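**Q** First the structure, which I've put down as structure tokens, then a few questions once you've had a look.
The values are calculated or read from the model by the stated rules, or taken from the named source; none is laboratory data. Predicted model only: the values in this text are computed from it and were never measured. Using ideal geometry, Cβ is built from the backbone for each residue, glycine included, and neighbour counts are taken over all protein chains shown. Heads up: the accessible areas ignore ligands, DNA and RNA and are worked out on the full protein's heavy atoms, side chains in. Shrake-Rupley method; radii C 1.70, N 1.55, O 1.52, S 1.80 Å.
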Amino acid sequence: LTILVGRDGRESSPILHKALTETFVSLGVHIIDLGVISSPMLYFAEKKLKPNGAIMITASHNPKDDNGFKMMSMGVGVFGEEIQYLSTLKHSTPKAGGTLTDKDVTESYLQHILSALEAPHQLKDMRIAWDFAGGAVCSAKDILKKIPGTHFSINDTFDPTFKAHEPDPTVLENMHQLKTLVLSEQCDVGIAFDGDGDRVGVLDHTGAMIDGDRLVTLLAKEVIHNHPGATILADVKSSRVFLNQVKLYGGHPMLTRTGHSYVKAALKKTGALLAGEMSGHIFYADRNDGYDDGLYAGLRLLNILSEERKSLHALNEALPRYAISPEIRIPYGSKEKFEIVKKLSDLLSDMDIPFLGEDGIRVENEDGWWLLRASNTQDLLILRFEGVDETALNHIKDHFNHVIDRVDSNLLIKI
């Protein structure tokens with residue numbers, strides 16, 4: 001039995017790493033230790049080395065004091081009920097023969113992701129800002145030496161305490177340093193990563209953030225151009241801009257459950273060539289192996305910008321804009337959050353109101369849509385609303401209030 005192990009740069013990762021590897025070796029398992037790497041580097045190594053399993057020690061974008069494990073078994077992610085099942089297993093008996101071997105996959109990983117750039121020489125005139133957040137992607141920062149253009153990087157050495165800012169590129173406050181760098185150095189684009197490198201955040205030359213659903217929409221055009229009719233996935237929180245534009249490009253858009261493990265599973269099931277989440281997880285399966293990799297996605301974006309010869313700002317502004325709310329996050333009990341979704345789905349069924357039940361409840365009509373879902377990781381309900389314009393958005397909220405008032409009047413939204 002062979003298992004790959006990698007870890008991020010958090011203060012607690014060495015302790016967990018020692019306990020994990022010593023335990024497995026005592027059970028007769030062969031451990032290949034990849035050292036301090038990003039999660040995508042572990043996924044890359046898993047595809048190439050084909051072990052029995054792989055474990056990444058990381059808390060991803062979470063605060064510095066958090067930590068945990070991302071696990072794979074025979075190439076498939078272990079999540080949801082499978083994790084709960086692990087807690088029921090009995091302790092194994094120690095067994096001789098386990099080994100611990102170090103392996104460095106950094107150079108082969110960098111060579112692989114450079115394939116994202118089809119014409120790297122076209123980047124020579126670009127000015128690019130990078131924020132490594134002091135996280136795991138610092139292990140791959142030498143790639144900047146291999147990419148033409150002028151590069152400016154910040155927080156590019158490991159910082160176990162994330163002093164500069166929390167490693168979550170979807171939070172505007174965490175992008176302030178990168179925005180300042182983009183504006184001061186007159187960069188064409190700013191690219192940021194989370195703590196373990198599987199998510200990407202992007203700023204245009206004005207310092208404006210590109211929302212995750214709009215980013216995957218922009219990336220989809222290239223994939224569909226090369227593979228007409230390709231299936232493209234986005235999570236259920238995504239704007240209708242994604243659905244409409246992917247159809248316009250000649251692709252097949254689909255909404256899927258939120259959560260990188262669920263999206264990865266849906267990618268494999270549907271044969272989609274690209275998937276993206278609002279949270280910045282981007283999965284390529286056309287020239288990559290279908291895992292989420294912030295650095296690879298960033299390079300694919302640079303490739304598009306060099307070929308389009310248009311600014312990221314111009315490409316984003318060319319997409320339609322609808323009236324859309326931010327995510328509304330409401331504290332709700334760990335058990336009650338799922339019960340309210342069930343009650344609401346039963347009510348909608350009784351009212352003959354169609355809805356998408358892939359992940360929570362998404363109700364669509366010609367004016368727009370509303371969404372209520374239970375968070376996978378926190379005791380929260382997530383709400384979002386979109387209309388073709390502000391008037392339509394208010395109609396959507398009014399429809400939600402009309403329904404939710406029969407289930408929990410505390411969830412009524414002000415219009």
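**Q** Can you find a residue in region 345-355 that is within 18 Å of residue 237 (Cβ to Cβ) and open to solvent by 10 Å² or more (accessible area, probe 1.4 Å)?
**A** yes
**Q** For region 236-335, which fully contained helices (runs of 4 or more DSSP H) count at least 2 residues that are closer than 20 Å to residue 376 by Cβ and within 15 Å of the chain's Cα centre (by Cα)?
**A** 260-270
**Q** When you look at residue 358, is it more than 17 Å from residue 406 (Cβ to Cβ) and in contact (Cβ under 8 Å) with a residue 12 or more places away in the chain, yes or no?
**A** Against the criterion (more than 17 Å from residue 406 (Cβ to Cβ) and in contact (Cβ under 8 Å) with a residue 12 or more places away in the chain), residue 358 qualifies.
**Q** Let me ask something else about it. Determine the pairs where a residue that is touching a residue at least 40 places away in the same chain (Cβ under 8 Å), located within region 79-94, has a partner that is of a type outside the set (Val, Ile, Thr) and assigned to a helix (DSSP H, G or I) with Cβ atoms under 6 Å apart, the partner being 6 or more residues away or on another chain.
**A** Listed pairs, sorted by first residue: 79/261; 94/26.
**Q** What residue, among those in region 169-180 that are touching a strand residue (DSSP E or B) at 6+ places or on another chain (Cβ under 8 Å) and modelled with pLDDT under 95, is most open to solvent (accessible area, probe 1.4 Å)?
**A** Restricting to residues being touching a strand residue (DSSP E or B) at 6+ places or on another chain (Cβ under 8 Å) and modelled with pLDDT under 95, the top hit is 172.
**Q** Are there any pairs with C-beta distances below 8 angstrom linking a residue in region 8-22 that is among the small types (Gly, Ala, Ser) to a residue that is modelled with pLDDT of 95 or more and in a helix (DSSP H, G or I), with the two at least 6 apart or on different chains, and if so which?
**A** 9/136; 9/138
**Q** Only one of these is under 30 Å from residue 43 (Cβ atoms), free of Cβ contacts under 8 Å to residues at least 40 places away in the same chain and open to solvent by less than 70 Å² (accessible area, probe 1.4 Å): 327, 308. Name it.
**A** Result: 308 is the single residue among 327, 308 that is under 30 Å from residue 43 (Cβ atoms), free of Cβ contacts under 8 Å to residues at least 40 places away in the same chain and open to solvent by less than 70 Å² (accessible area, probe 1.4 Å).
**Q** In region 143-168, which residue that is more than 23 Å from residue 67 (Cα to Cα) and touching a His at 6+ places or on another chain (Cβ under 9 Å) is least open to solvent (accessible area, probe 1.4 Å)?
**A** 144
**Q** If residue 98 satisfies all but one of (1) under 19 Å from residue 202 (Cβ atoms); (2) touching a helix residue (DSSP H, G or I) at 6+ places or on another chain (Cβ under 6 Å), what's the number of the condition it fails?
**A** With respect to (1) under 19 Å from residue 202 (Cβ atoms); (2) touching a helix residue (DSSP H, G or I) at 6+ places or on another chain (Cβ under 6 Å), residue 98 is out only on (1).
**Q** Give the number of residues within region 240-255 that are within 27 Å of residue 60 (Cβ to Cβ) and open to solvent by 10 Å² or more (accessible area, probe 1.4 Å).
**A** 3
**Q** Checking residue 179 against (1) part of a loop (DSSP other than H, G, I, E, B); (2) touching a residue at least 24 places away in the same chain (Cβ under 8 Å), only one condition comes out false. Which one?
**A** So the condition that residue 179 fails would be (1).
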